[in-house]
Amino acid sequence: MPFTLPSRIPSGPRRRSLLAGAAGVGAALLAGCSSSDSSSGTTNGSTSAAERARARAAGDSERLAERYEAVLAVHPALAERLSPLRAEVVQHAEAFGGGRKASESASASASADPSQAPSPGPSAEVPAVEKDALTELAAAERTLADRRTKALLDVPGELARLLASVAAAGAVHAFLLTEGEK
């Protein structure tokens, strides 16, 4: 008797399973890595290079969180979809030792009146069409994930693992932002 495939084959991973997986990665990432990473086997030159890389990664995540905020300010209907992703980006900034600015603005915007949403800065022009705004966010996530992946060779072990984990989460975010565009 020949083997037959079921009539309905899922086309790929579902958003819930990816979000749950990304949240698990984020939680494991934050539990396993601290911002006070001290590599006893590195020299002062490589330590300062690692510190610069960590600060750059924190700043990149903070700027990405600001982009999410700008999109949410222009397109509040996307809040359910974007808020979990933005929260993870803030956690990434905190894992790299930054995130104070992103966390403070998140708590301020959460406690503020929704009509008083922070206005995007001059460099954060948000497209008026939701699909275009999501596409730009996905491109930003992809670009940052690629940059972090390339930086893996230049940093010590623990920071490289952190960068790899955050780059993977960024790739998942990019997928989730563009899901359903086909």
- prompt: So, in segment 140-156, of the ones that are open to solvent by 40 Å² or more (accessible area, probe 1.4 Å) and either of a type in the set (Asp, Glu) or touching a residue at least 12 places away in the same chain (Cβ under 8 Å) (or both), which residue ends up nearest to Ala87 (Cα to Cα)?
  reply: Arg142
query: If Ala102 satisfies every condition in (1) in contact with a Ser or Thr (Cβ under 8 Å, 6 or more places away or on another chain); (2) modelled with pLDDT of 95 or more but one, which is the exception?
result: (2)
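The values are calculated or read from the model by the stated rules, or taken from the named source; none is laboratory data. This one's a predicted model, so the numbers in the text were calculated from it and none came from an experiment. Positions of Cβ are generated from backbone atoms using ideal geometry, with glycine treated the same way; all protein chains shown enter the neighbour counts. Heads up: the accessible areas ignore ligands, DNA and RNA and are worked out on the full protein's heavy atoms, side chains in. Shrake-Rupley method; radii C 1.70, N 1.55, O 1.52, S 1.80 Å.
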